[in-house]
Amino acid sequence: MKRVYNFSAGPAVLPEEVLKEAAEEMLDYRGCGMSVMEMSHRSKAYETIITEAEADLRELMNIPDNYKVLFLQGGASQQFAMIPMNLMKNKVADYIVTGQWAKKAYQEASIYGKANKIASSEDQTFSYIPDCSDLPISEDADYVYICENNTIYGTKYKTLPNTKGKPLVADVSSCFLSEPVDVEKYGMIYGGVQKNIGPAGVVIAIIREDLITEDTLPGTPTMLKYKTHADAKSLYNTPPAYGIYICGKVFKWIKKMGGLAAMKEHNEKKAKILYDFLDSSKLFKGTVVKEDRSLMNVPFVTGDADLDAKFVKEAKEAGFENLKGHRTVGGMRASIYNAMPIEGVEKLVEFMKKFEAENA
Ligand SMILES: *Cc1c(COP(=O)(O)O)cnc(C)c1O
């Protein structure tokens with residue numbers, strides 16, 4: 001068996017321990033005589049799986065009782081529509097555009113109501129987070145929307161925007177469970193799990209109860225109403241059952257590792273190794289304003305597209321996979337999510353040093 005160091009932005013690396021456990025339980029889940037994949041989502045065994053998953057997530061994130069946890073499908077991209085359909089009561093919302101995912105969410109919201117772009121970092125190819133301490137928040141805005149960690153560009157909000165009392169809605173797909181979070185600062189936190197938690201096919205949405213109402217935009221399908229899933233505890237219809245089971249295992253793994261504070265420490269340590277090298281390198285350089293650097297996604301370039309391509313190719317041959325930057329920005333990107341071990345980053349930096357010496 002060969003395992004590579006996988007720097008993919010998503011679907012991405014998962015803890016090896018979790019994969020092994022899932023493999024052991026594949027044919028016979030704890031004496032059930034069947035795989036979790038083959039099991040009714042209404043069975044006792046599955047009920048335990050989904051209930052424990054929610055309880056462990058609540059414990060990890062310290063989620064208050066007045067927030068619902070929903071396991072949904074359709075990817076983070078479906079939330080770009082579900083959010084305005086469910087939350088745009090006045091048909092007005094403010095969007096801060098710090099990358100492609102925020103831009104897509106903003107564009108989608110414009111289909112359903114008045115979406116205002118109140119700040120953007122597009123002028124500098126999204127390489128920074130704008131000052132959000134005193135933005136022109138709309139009087140009648142139903143919510144303020146951000147993408148908290150910009151997977152493609154490698155920026156992260158270090159302070160949340162001042163929403164002047166409006167509920168904050170945050171896409172945390174690529175920083176979910178990477179550090180402690182104060183859930184009460186948000187109206188809604190959501191993300192696709194395939195970046196930092198589990199397999200593709202599950203979206204987790206954590207929503208303050210008072211925002212979940214029958215009052216959705218006319219024509220909103222039953223399946224796209226948060227209330228449908230909240231009332232049915234994510235079992236209105238067949239949920240992405242196997243994916244939720246793996247997420248549950250990852251929650252237990254994070255708990256065992258010491259929770260979100262320990263994750264943060266582990267992630268800071270890893271990111272520092274890479275950023276310190278980028279700051280001292282004569283060949284490679286980071287593309288993001290220092291104070292807005294993400295702990296999860298680290299884009300970098302040599303400044304020469306041919307040399308970038310050579311690096312990606314040789315890195316792959318050396319066992320470092322998926323270092324090519326997003327197709328829209330080029331260069332390289334190392335995604336170093338929770339499950340990436342420190343050795344992975346140390347070895348990558350070693351390899352980069354060698355490449356630099358050979359290509360000076
Ligand atoms: C990957 C990603 C998305 C899109 O997720 P899908 O599940 O493919 O729809 C949205 N937002 C962010 C921040 C992402 O990283």
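Quick look at the values:
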{"item": "Residue satisfying all of: in segment 187-216; touching a Lys or Arg at 6+ places or on another chain (Cβ under 9 Å) and assigned to a loop (DSSP other than H, G, I, E, B); nearest to the ligand (Cβ to nearest atom) among these", "result": "Gly198"}
{"item": "Failed item in (1) more than 16 Å from the ligand (Cβ to nearest atom); (2) open to solvent by less than 30 Å² (accessible area, probe 1.4 Å), with Gly75 passing the rest", "result": "(1)"}
{"item": "Filtered residue count, segment 295-327, keeping only those that are surrounded by fewer than 20 Cβ atoms within 10 Å (Cβ to Cβ) and touching a helix residue (DSSP H, G or I) at 6+ places or on another chain (Cβ under 7 Å)", "result": "2"}
{"item": "Filter result (open to solvent by less than 90 Å² (accessible area, probe 1.4 Å), assigned to a loop (DSSP other than H, G, I, E, B) and not aromatic (Phe, Trp, Tyr)) within segment 113-135", "result": "Gly113, Ser121, Ser127, Ile129, Pro130, Cys132, Ser133, Leu135"}
{"item": "Segment 17-56, residues that are loosely packed, with under 13 Cβ neighbours inside 10 Å and either within 16 Å of the ligand (Cβ to nearest atom) or touching a residue at least 24 places away in the same chain (Cβ under 8 Å) (or both)", "result": "Met37, Arg42"}
{"item": "Criterion: more than 16 Å from the chain's Cα centre (by Cα) and acidic (Asp, Glu) - qualifying residue of Glu214, Glu179, Glu148", "result": "Glu214"}
{"item": "Matching option when the condition is more than 25 Å from Asp56 (Cα to Cα), more than 19 Å from the chain's Cα centre (by Cα) and at pLDDT 95 or above, among Lys272, Lys256", "result": "Lys272"}
{"item": "Selected residue [of a type in the set (Asp, Glu) and not in a loop (DSSP other than H, G, I, E, B)] from Glu184, Glu179", "result": "Glu184"}
{"item": "Given (1) of a type in the set (Gly, Ala, Ser); (2) touching a residue at least 40 places away in the same chain (Cβ under 8 Å); (3) more than 17 Å from Tyr186 (Cα to Cα), number of the condition Ala109 does not satisfy", "result": "(2)"}
{"item": "Segment 288-334 - residue that is among the aliphatic types (A, V, I, L, M) and touching a residue at least 60 places away in the same chain (Cβ under 8 Å) and, of those, farthest from Ile129 (Cα to Cα)", "result": "Leu323"}
{"item": "Qualifying residue in segment 338-358 (condition: closer than 22 Å to Ala12 by Cβ, open to solvent by 50 Å² or more (accessible area, probe 1.4 Å) and among the polar types (S, T, N, Q))", "result": "no"}
{"item": "Conditions (1) in contact with a Phe, Trp or Tyr (Cβ under 6 Å, 6 or more places away or on another chain); (2) of a type in the set (Phe, Trp, Tyr); (3) away from the ligand (no atom under 16 Å from the Cβ); number of the one not met by Tyr153", "result": "(3)"}
{"item": "Which numbered condition Leu160 fails, given (1) open to solvent by less than 30 Å² (accessible area, probe 1.4 Å); (2) among the aliphatic types (A, V, I, L, M); (3) within 16 Å of the ligand (Cβ to nearest atom); (4) over 25 Å from His229 (Cβ atoms)", "result": "(1)"}
{"item": "Residues (over 20 Å from Ser178 (Cα atoms) and out of contact with any helix residue (DSSP H, G or I) (no Cβ under 8 Å at 6 or more places or on another chain)) located in segment 58-77", "result": "Asp65, Gln73"}
{"item": "Selection status of Glu59, within 21 Å of the chain's Cα centre (by Cα), away from the ligand (no atom under 13 Å from the Cβ) and open to solvent by 50 Å² or more (accessible area, probe 1.4 Å)", "result": "yes"}
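Rundown of residues vs (1) open to solvent by 10 Å² or more (accessible area, probe 1.4 Å); (2) not aromatic (Phe, Trp, Tyr), yes/no style:
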{"residue": "Ile189", "(1), (2)": "no, yes"}
{"residue": "Ile212", "(1), (2)": "yes, yes"}
{"residue": "Tyr226", "(1), (2)": "no, no"}
{"residue": "Leu235", "(1), (2)": "yes, yes"}
{"residue": "Ala261", "(1), (2)": "yes, yes"}
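The values are calculated or read from the model by the stated rules, or taken from the named source; none is laboratory data. No experiment lies behind these values; they were computed from the predicted model shown. Here the Cβ is made from the backbone with ideal geometry for all residues, glycine too, and neighbour counts use every protein chain on show. The area values use the complete protein model at the heavy-atom level, side chains included, leaving out ligands, DNA and RNA. Shrake-Rupley method; radii C 1.70, N 1.55, O 1.52, S 1.80 Å.
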